[in-house]
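What follows is a set of notes on a single structure, which appears directly below.
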Amino acid sequence: MRIVAGSASKHVARSVAGALGARLVEVQVSRFPDDECYVRVMEDLDGEDVALIQTTYPDRNLVEALLLQDAIREFNVRRLITVVPYMAYARQDKKFNPGEAVSARAMARAISLHSDGLVLVDIHDEKTTEHFTVPALNVSAMPQIGQYLAKSARVDLVVSPDDGAMGKARSVAEVLGCRWSWLEKKRIDGSTVEIAPKDVDARGRTIAIVDDIIATGGTILTATRQLRLQGARGVIAACTHGLFTAGALPKLREACDYVLSSDTIENETSIVSAGPEVARGIRELLSR
Ligand code: R5P
């Protein structure tokens with residue numbers, strides 16, 4: 001097994017290579033003067049199972065992934081598994097208005113083209129896996145987030161910002177051995193809405209809010225303010241994909257006690273690696 005690391009996913013690729021006892025392939029990635037991407041695989045991959053690992057955000061990393069797939073297919077590889085730690089465009093997973101692209105489907109089809117299988121991490125909606133034209137497996141960084149929190153904090157309660165993500169809160173809480181819930185909007189009167197954990201009191205508790213993506217940070221900031229108003233002692237924000245657009249991170253760091261993400265998008269909060277779960281996904285696909 002050989003691992004090809006795209007330039008957006010070097011950390012997670014090293015972690016996967018370590019977990020699988022596989023070797024990282026030497027690749028050259030550079031830019032032409034007009035900013036177009038150039039890739040070259042520097043080793044012979046004939047007869048090998050290969051995993052290409054590359055987050056497809058922003059767009060330039062998608063292009064790099066497609067070029068690397070093409071370069072890998074120049075060799076007579078056994079199977080090419082494409083790992084997309086963070087798949088961009090996954091949130092537009094249906095047509096909300098007539099005439100719109102189903103962006104997640106368009107991306108899934110393009111990435112499938114040269115792959116024998118796909119591994120994704122905490123894809124926004126599990127149903128997106130159905131758009132791939134080859135077997136696609138979704139793994140989760142939540143168990144690794146749970147293990148990190150177990151070593152570094154005393155968490156009393158894990159919540160998701162909505163009921164759609166409650167499975168993520170449950171998964172982290174199972175590792176921690178604590179309670180979990182999700183945040184629900186409660187109308188207090190005509191002009192007041194409170195966001196509170198369903199059936200659990202926030203008072204005096206250290207609460208971890210977990211989500212798949214933090215983008216503008218709006219969801220977590222609102223939840224954090226509300227939990228503090230209800231007497232939470234501490235708030236930790238954790239996500240798989242730390243996009244942190246438009247100055248989100250300083251605001252989150254001011255509001256929360258701690259902010260962490262996985263390495264599906266590499267940034268200064270990427271404390272947890274999705275690598276072990278990705279390695280498990282690759283092993284499972286190859287054993288089918
Ligand atoms: C939405 O369904 C996602 O799970 C996240 O809650 C959302 O993308 C977070 O976005 P933001 O950080 O901009 O509030």
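The values are calculated or read from the model by the stated rules, or taken from the named source; none is laboratory data. None of these values were measured; they are calculated from a predicted model. Here Cβ is always computed from backbone atoms with ideal geometry, including for glycine, and neighbour counts include all displayed protein chains. Remember, those area values only see protein heavy atoms, side chains included, never the ligands or the DNA or RNA. Shrake-Rupley method; radii C 1.70, N 1.55, O 1.52, S 1.80 Å.
Computed from the Cβ-Cβ distance with R0 of 35 Å, the FRET efficiency linking residue 60 to residue 188 stands at 0.15.
Relative contact order of the chain, taken over Cα pairs closer than 8 Å and 6 or more residues apart, is 15 percent.
Sites counted here are GluC sites (Glu not before Pro) in a DSSP loop (not H, G, I, E or B) having no more than 14 other Cβ atoms within 10 Å; the longest part of the chain that contains none of them is 101-267.
Taking a quarter of the surface of the convex hull around the Cα atoms of the range 1-157, what do you get in nm²?
11.9 nm²
Put +1 on the Cβ of each Lys and Arg and -1 on the Cβ of each Asp and Glu in the chain; which of 197, 169, 104 then has its Cα farthest toward the positive end of the dipole? Farthest towards the positive pole: 197. Close lysine pairs were tallied over the chain: pairs 8 or more places apart or on different chains with Cα atoms under 24 Å apart number 12.
For the chain, modelled as a GNM whose springs connect Cα atoms under 10 angstrom apart, the maximal fluctuation among 63, 235, 158 occurs at 63. Here residue 175 sits with roughly 60 square angstrom of accessible surface, probe radius 1.4 Å.
For the range 1-77, what percent of Cα pairs sit more than 22 Å apart? Value for the range 1-77 (Cα pairs over 22 Å): 18 percent. A viscosity of 0.890 mPa s and a temperature of 25 °C, combined with the Kirkwood radius over Cα pairs in Stokes-Einstein, give a translational diffusion coefficient for the range 211-288 of 181 µm²/s. Projected onto its three principal axes, the C-alpha set of the range 64-166 covers 51, 40, 21 Å, listed from the longest axis down. Length gained on full extension, residue 257 to residue 31: 77.4 nm, using 0.36 nm per residue less the C-alpha separation.
What the Cα atoms of the chain give is an Rg and a Dmax of 20.0, 68 Å.
For the range 51-108, the calculated P(r) over all alpha carbon pairs, in 10 Å bins from 0 to the bin holding the longest distance, is 22, 43, 26, 8, 1 percent. Carbon-plus-sulfur accessible fraction, the chain (probe radius 1.4 Å, protein heavy atoms only): 48%.
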